[in-house]
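Working notes, structure below.
The values are calculated or read from the model by the stated rules, or taken from the named source; none is laboratory data. Since this is a predicted model, take the numbers as computed values, not measurements. So basically every Cβ, Gly included, is an ideal-geometry build from the backbone, and we count neighbours across all protein chains shown. SASA here: full protein model, heavy atoms, side chains in, ligands and nucleic acids out. Shrake-Rupley method; radii C 1.70, N 1.55, O 1.52, S 1.80 Å.
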Amino acid sequence: MSKDKIILIGGGGHCHSCIDVIEAQGDYEIAGVIERTKKQKVDPTLGYPIVGYDEDLSNLRKQIDYALITVGQVGSGSKRQKLFDRLKKMNFVLPVIISPSAHVSRHAVIGEGTIVMHQVIVNAGASIGKNCILNTKCLIEHDTMVGHHTHISTAAVINGGGEIGSCCFVGSNATIIQGVRISDNQFLKAGRLYSE
Ligand SMILES: CC(C)(COP(=O)(O)OP(=O)(O)OC[C@H]1O[C@@H](n2cnc3c(N)ncnc32)[C@H](O)[C@@H]1OP(=O)(O)O)[C@@H](O)C(=O)NCCC(=O)NCCS
C-alpha cells in the first residue's frame, strides 16, 4: 500500500533529525523539502529534493495533504508559530510524528504537528501542545503540561506536575523540578536547574 506523502518545511540541521525519525516511524513517504527562498540552498537534504519555496506552498497543497515544520528553534517559537498558522490556513494536515524508540503513555495527549524524537519519554497524564519539538532523549514526566510551539531540547528533564508555557525554549539537559511553572516565551538555559 502506498504511503501518504509529506513535505518538510525547512531543510537545516533539525530537518536531518526529523528525517531520521520519519524514516524510522515508516508511516509517511517524504516527498521533499521546502526552503524559505531561492537564496537558500538548492541541494537535496539527505537525498530528499528541494521541491519548492514558501511561495509555492499553496500550489503544493493541491498535490500534497501532509506537512511537518522542520525549522529548528533555539529561542522563541514565534517563527514556527507563524509557519504553523500559515499551513493551517492552507488546510495542510500536520500529523503527530513519534519515533518508534520513544515511549508515549496512552494516558498522554500530543498536539498536532508535534514531533517526538528518538528515546523520548512522555509519561501518564502529560499534555503536549501543538507544533512542539520534543527533542532526542528528553523526559516529560507525569501530569506535565507543555504549551504550543515550544522546544524541549535534547535530554532536558521536566519533572512531574510541571507546566511549561507556549513559545518557550528549554535548553539541552536543563532540569525543571516537579511542580514548577514556566510562563510563555521563556528561554531556559542548557544544563541549568530550575527549582522555582
Ligand atoms: C549556551 C548558553 C548556556 C550560553 O549562555 P550565556 O553564557 O549566558 O551566553 P548567551 O550570550 O548565550 O546568553 C546571554 C543571555 O541571553 C539569553 N539567551 C541566549 N540565547 C537566547 C535566545 N535565543 N533567546 C532568548 N534569550 C537568549 C541567555 O539565557 C542569557 O540570559 P541571562 O543573561 O538572563 O542568563 C545559552 O546560550 C544556551 O542555553 N543556549 C542553548 C543551547 C542548547 O540548549 N542547544 C540545544 C539545541 S537543540
Subset tally (residues that are surrounded by fewer than 20 Cβ atoms within 10 Å (Cβ to Cβ) and among the β-branched types (Val, Ile, Thr)) for segment 98-128: 2
State the number of residues belonging to segment 44-79 that are modelled with pLDDT under 95, within 16 Å of the ligand (Cβ to nearest atom) and buried (at least 17 other Cβ atoms within 10 Å of the Cβ). 1
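Taking the residues in segment 161-173 that are more than 9 Å from the ligand (Cβ to nearest atom) and not in a strand (DSSP E or B) as candidates, determine which candidate is surrounded by the most Cβ atoms within 10 Å (Cβ to Cβ).
Looking at residues that are more than 9 Å from the ligand (Cβ to nearest atom) and not in a strand (DSSP E or B), I get 168.
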Is it fair to say residue 148 is over 30 Å from residue 36 (Cα atoms), open to solvent by 10 Å² or more (accessible area, probe 1.4 Å), at pLDDT 95 or above and assigned to a loop (DSSP other than H, G, I, E, B)? no
Could you check segment 151-160 and list, in sequence order, the residues that are within 16 Å of the ligand (Cβ to nearest atom), assigned to a loop (DSSP other than H, G, I, E, B) and surrounded by fewer than 23 Cβ atoms within 10 Å (Cβ to Cβ)? 153, 154, 155
Within segment 32-42, how many residues are closer than 16 Å to residue 14 by Cα and open to solvent by 70 Å² or more (accessible area, probe 1.4 Å)? 2
Would you check if residue 143 is acidic (Asp, Glu), within 16 Å of the ligand (Cβ to nearest atom) and modelled with pLDDT of 95 or more? no
Looking across segment 174-196 at residues that are open to solvent by less than 100 Å² (accessible area, probe 1.4 Å), part of a strand (DSSP E or B) and of a type in the set (A, V, I, L, M), the single one that is nearest to the ligand (Cβ to nearest atom) is 188
Please verify whether segment 116-126 includes one or more residues that are under 30 Å from residue 54 (Cα atoms), within 16 Å of the ligand (Cβ to nearest atom) and under 11 Å from the mean Cα position of the chain (by Cα). yes
Residue match in segment 129-138 (condition: open to solvent by 10 Å² or more (accessible area, probe 1.4 Å), within 15 Å of the ligand (Cβ to nearest atom) and outside any loop (DSSP other than H, G, I, E, B)): no
The lone condition residue 22 fails out of (1) open to solvent by less than 30 Å² (accessible area, probe 1.4 Å); (2) free of Cβ contacts under 8 Å to residues at least 24 places away in the same chain is (2)
